[in-house]
Each structure stands twice: as structure tokens, then as C-alpha cells.
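Heads up, the thing below is written out as C-alpha cells.
The values are calculated or read from the model by the stated rules, or taken from the named source; none is laboratory data. Please read all numbers here as calculations on a predicted model, not as lab measurements. Cβ atoms come from the backbone with ideal geometry, glycine included; neighbour counts cover every protein chain shown. These area figures cover heavy atoms from the full protein model, side chains too; ligands, DNA and RNA do not enter into them. Shrake-Rupley method; radii C 1.70, N 1.55, O 1.52, S 1.80 Å.
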Amino acid sequence: MKQTIGKALRIGLLTGLLAVVLCGSAFALTEGDWEYTLSNNFATVTKYTGSASTVTVPKKLGGAPVTKLSNTFRFNTVVERVTIPSTVTEIGDYSFQRSTVKQVSIPNSVTKIGYSAFDGSSLTSISIPDSVTSIGYSSFCSCQNLTSVRLSNSLTSIPSSAFHMCYALKSITLPEGIQAIGSEAFSASGLTSITIPSSGKTIGVSAFWGCKNLTSVTFSSGLEEIGNGAFMDCYSLKEVYLPVTLKTIGTDAFDDTSIESLIIPYGVTHASSIDSSAIRAVYVPSTVDFIAAGTSKNCTVYCTAGSSAEKRCTPNVSYLIDPSVDSSIHVLYNGKRISFGATGQNPVIENGRTLVPLRAIFETMGATVGWNDATRTVTATRGSDTIQLTLGDKILYKNGKAVMTMDVPAKSLNGRTVVPARAVAEAFGAQVGWINSARIVTITE
């Protein structure tokens, strides 16, 4: 019996030793200034122990190609510049976290950057090659010296907290292909402007929250959802033009900004009012079946009769009934929306030209409008200038002289004379613009 037990113990001991030999990859190995592990004949660098400020990661360790970094320079206070070899395919989790590394050269072989890979590091700039298809959450979080970022064109999303608290980051170009911006992705960063590409579908919760220097946001057609608090506390943000593809605007999305007027596009189903001292007008279409309260007492909500917005406004928020909020096209004169509710005719697009009710435009611009039923001619006078247009005619006359040939002639819709917006505005010397994603005409004098 004792012999049997002794034999079993010896066998167990030998088996254990054999397991250690065979599974040596689970333990850190050392070669020069590098610690690493081996797995399936590939090496992962786990730590640099040297004292150089500029280093090149070796291509091989223990005779095996180096394919991954993991914790390699984490908390390192010596290294400032790192070159990664072309054998590496992954920069793993925490690789440079809270290190003094300022510059890293990433080869085209890398396809993945792990979570918190550069979190809290001294990185000043980074160029992510197009071979990289994903970056982990918090990957560049708290990189407070980061001023320049070139993103991979292969990325389809910016993960949560990726550039959170990157105070020195003033601008970044999101490549076409980005579909989702994660929660707090750029929150509390130094961004001054951002353009959401046409591939973008969703902006996550608090994605740009606390970007106090953000003054310009350009939304492209394709965006469907803006999450809760997405632009909250962006104090310098004064205006946005929401795209007509939008479906949902989350609660507090634009709270505590400097936005004075917000046009919610026709087609949005869920929206939130703005709780901000700056807001003065919110235009809410009847498609909105839920609208969260919270609009400032100094704000007026423009909505349709019987709509969800009207019901939510009563009796706490001021509102006005304006059926033209259901228009798919809006016109701004010197930044203020023109209402077509009284005309009963909203702007339309015909042959690629935006036609607007002439009287509403001219009167907003301070002109006196007259109508000659016999000749079917509209006359608008402002100061010393007189404009004449005849239904069915493409010629626009100014002070008796033909000054413009319009692509589309003046015509009557529902008893209202409509003309190309550009022709009408430019007749009085105004500048005309077109915001395609939001389908908004801008007239500026």
C-alpha cells in the first residue's frame, strides 16, 4: 500500500514538473531589457526594464516573433519615444497607460489597439494606420498633452471615453466610415469644432459633454440618433442645424449651451427641449410623439395644434401654434426662421430649386408687396428698389430692367406665388446659402 502511494506521489511530481516545462508560456521570460511571454511560438512583450528614453521594440524574443504588446510601458517614467516593429499586430490593454511616452510609431501591421492602451500617457501626437480596425474604450483617455490625432480610415466606431479629457485636442477629422460615436467619447476635451461624417448613425450619451470650447458642429445626412446629454455643457455652442435623417434627440442633448434657436426636423419622433438660459425658440413638428419638458421660461415652443408638444407645453411653457413647423424645408433670415403658417404654403423643391412663398420672404426682408391681377405680376418695393415678377415668366426685373433669368418660373401653388429662394433674396442684394443635410435656406444681409 505504501509502495503504491509513493509511486503515485512520484508520478504526480513528475507530471507537475512536465506541466511547468510545457506551459512555460504562462510565466514571464527575460531577454535583455525585455520581459515577455510565449504562446503558440509568438511572443508578447510585457515589460521594458531598461533606462533608455528612446527604444525600439525587438522583432523577436526567445526566437519567436513579437506580435503583441501588453502592459509593456505601463507606469514607465523613463521612455519617451517608442518604435514598434512590423511583426506586431496588436497593441494590447494598458500598453502605455500613465507612461511618459510622448511619441509612438505604429506600423501598418497593427490591426487592434486595446482598452486604456494610452490612457493617461504623455502622448503628444498619434497616427493610427488604416490597418487598425478597432480601438478599445478609454484608449486615449486623459492624454492631456495630445494635440494631433490621425484616425484609421478602417474604423467604424469611436468607443466610449476614447478621447475623454484630452484637453489639448482642438480638432480631429472623423473618417468616412465612422457609424457610431460612443458615450463620453470626446467629453471634456478641447475640441473647438467637429464634423459628423455622412456614415455616422448614432452619437452616444454625453459623447461631447463638457466640451466648453466647442463652437461648431456640422451634422451630415445619415445621422439618426443623438444620445442623452450628447452636447450638454458645451457653453460656446451657439447654433446647430439638425439633419432631416434624424429620428431621436435624447434628453438634455443640448442643455446649457448658447443655442438660441433649434429647429427639430420633420420626422423626428422623440425629442427633448433645451434647459438653457440662452434658448428662445424651439420648433417642434407633429411627428414628435414624445417631447421631454424642461425648456427655459424665456423660450417659446412653436408646434402644431393638438400635437404632443402642445400638450406637454400646457400650462408651464409658452407656445405658439405654427403649422409650418411641419415643413421639410425651412428658411432663415439673418439667423431667424421665417414662418409660412399664415400663407398656408410651405417651401417646395422643383427641378432642383427651392421655391418659397414670395410674399413671406419679401415682407420679412422689409419690402412692400403688391399684386396686379390683370397682368398676374408681383411687385415688391424696398427703399428705392422695385422688383417685378410675372407668373409663368423666368425673367426678374429690378427698377424696370431685366436683371435675372430664373431656372424655374414664378408660379402659383394653393393660391400663393412661389419663386426660387435664391432669385428673390439676391434681387435685394442678400447672400443666399443652402444647408443640404438640414434642408435649410439661409438668407443673410
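Only one of Ser307, Ser327 is farther than 30 Å from Tyr235 by Cβ, of a type in the set (S, T, N, Q) and within 26 Å of the chain's Cα centre (by Cα). Can you tell me which?
Ser327
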**Study point:** Among (1) within 19 Å of Thr377 (Cα to Cα); (2) among the hydroxyl-bearing types (Ser, Thr, Tyr); (3) within 40 Å of the chain's Cα centre (by Cα), the one test that Thr444 misses
**Key:** (1)
Point to revise | Unmet criterion (only one of (1) open to solvent by 10 Å² or more (accessible area, probe 1.4 Å); (2) in a loop (DSSP other than H, G, I, E, B)) for Pro65 | key: (2)
Check your understanding: Taking strands (runs of 3 or more DSSP E) that do not extend beyond the stretch 350-408, which have at least 3 residues that are within 18 Å of Val432 (Cα to Cα)?
Key -> 353-357, 401-405
Review point. For Ser199, are the conditions met, namely being open to solvent by 10 Å² or more (accessible area, probe 1.4 Å), out of contact with any helix residue (DSSP H, G or I) (no Cβ under 7 Å at 6 or more places or on another chain) and closer than 22 Å to Thr147 by Cβ?
Key: no
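From the residues in the stretch 50-62 that are part of a loop (DSSP other than H, G, I, E, B) and aliphatic (A, V, I, L, M), which one is farthest from the chain's Cα centre (by Cα)?
Ranking the qualifying residues of the stretch 50-62, first place goes to Ala52.
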Check your understanding: Going through the stretch 42-56 one residue at a time, which ones are open to solvent by 50 Å² or more (accessible area, probe 1.4 Å) and either within 16 Å of Phe75 (Cβ to Cβ) or at pLDDT below 95 (or both)?
Key -> Lys47, Thr49, Ser51, Ser53
Practice item. Answer yes if at least one residue in the stretch 338-346 is farther than 15 Å from Phe428 by Cα and touching a Phe, Trp or Tyr at 6+ places or on another chain (Cβ under 6 Å), and no otherwise. Key: yes
Revision key, fill the gap. Just one listed residue, out of Thr295, Thr314, is open to solvent by 60 Å² or more (accessible area, probe 1.4 Å) and modelled with pLDDT under 85, and it is Thr314
Check your understanding: Are any of the residues in the stretch 252-263 among the hydroxyl-bearing types (Ser, Thr, Tyr) and surrounded by 17 or more Cβ atoms within 10 Å (Cβ to Cβ)?
Key -> yes
Exercise for review: Can you confirm whether the stretch 240-247 contains a residue that is among the β-branched types (Val, Ile, Thr) and crowded, with 24+ Cβ neighbours inside 10 Å?
Suggested key: no
Practice item. Output the number of the condition that Ile194 fails; it satisfies all remaining conditions of (1) outside any strand (DSSP E or B); (2) open to solvent by less than 10 Å² (accessible area, probe 1.4 Å); (3) of a type outside the set (Ser, Thr, Tyr); (4) in contact (Cβ under 8 Å) with a residue 24 or more places away in the chain. Key: (1)
